[in-house]
Amino acid sequence: MNKYLPRQTDVSTGGGNSELNYKQNSYVIRLADTYLMEAEALGSGTRAQALLDAVRKRAGLTPVPVTLATIKHERRMELAGEGHRFFDLVRWGDAAAALSDRGFDAGTDEIFPIPYTELNGTKLKQNPNYQ
């Protein structure tokens, strides 16, 4: 998780919270992430099974039958701390149940508000529940 932590050299001189003012201009996508995304999209079959098996083999784990539940579990274990969990939960429709005790508001928190600076002078409408 060190790749997402601010460093003294990254802090901008523009003021504000130093914890939030750091550059993150490059992202690394892991091969396991792409394998699990493809397996999720396929849902089942020999290709989805092979992709899941490849991720588990690299981690030294034995194969398990491919299902959405096993893919969800594998994404949670394999990509822990990499910032995918919230978006996975929203995509799967599991966010309200998993995050309700953390203040997740179903119907609002699945999408982000459009910044007001982007709305000024345009015909864009703010996302629902962010008025």
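The values are calculated or read from the model by the stated rules, or taken from the named source; none is laboratory data. Keep in mind it's a predicted model, so treat the numbers as computed, not measured. Counting neighbours? That spans all protein chains shown, and the Cβs are built from the backbone with ideal geometry, glycine included. Side chains included, ligands, DNA and RNA excluded: accessible areas come from the protein's heavy atoms. Shrake-Rupley method; radii C 1.70, N 1.55, O 1.52, S 1.80 Å.
Observations, loosely collected:
- Filtered by the rule that a residue be exposed (fewer than 15 other Cβ atoms within 10 Å of the Cβ) and out of contact with any Pro (no Cβ under 9 Å at 6 or more places or on another chain), segment 51-63 gives 58, 59, 60, 61, 62, 63.
- Within segment 88-110, the set of residues being open to solvent by less than 70 Å² (accessible area, probe 1.4 Å) and part of a loop (DSSP other than H, G, I, E, B) comprises 93, 94, 103, 104, 106, 107, 108, 109.
- Candidate set: segment 31-85, residues that are polar (S, T, N, Q) and assigned to a helix (DSSP H, G or I); chosen: the one farthest from residue 95 (Cα to Cα): 46
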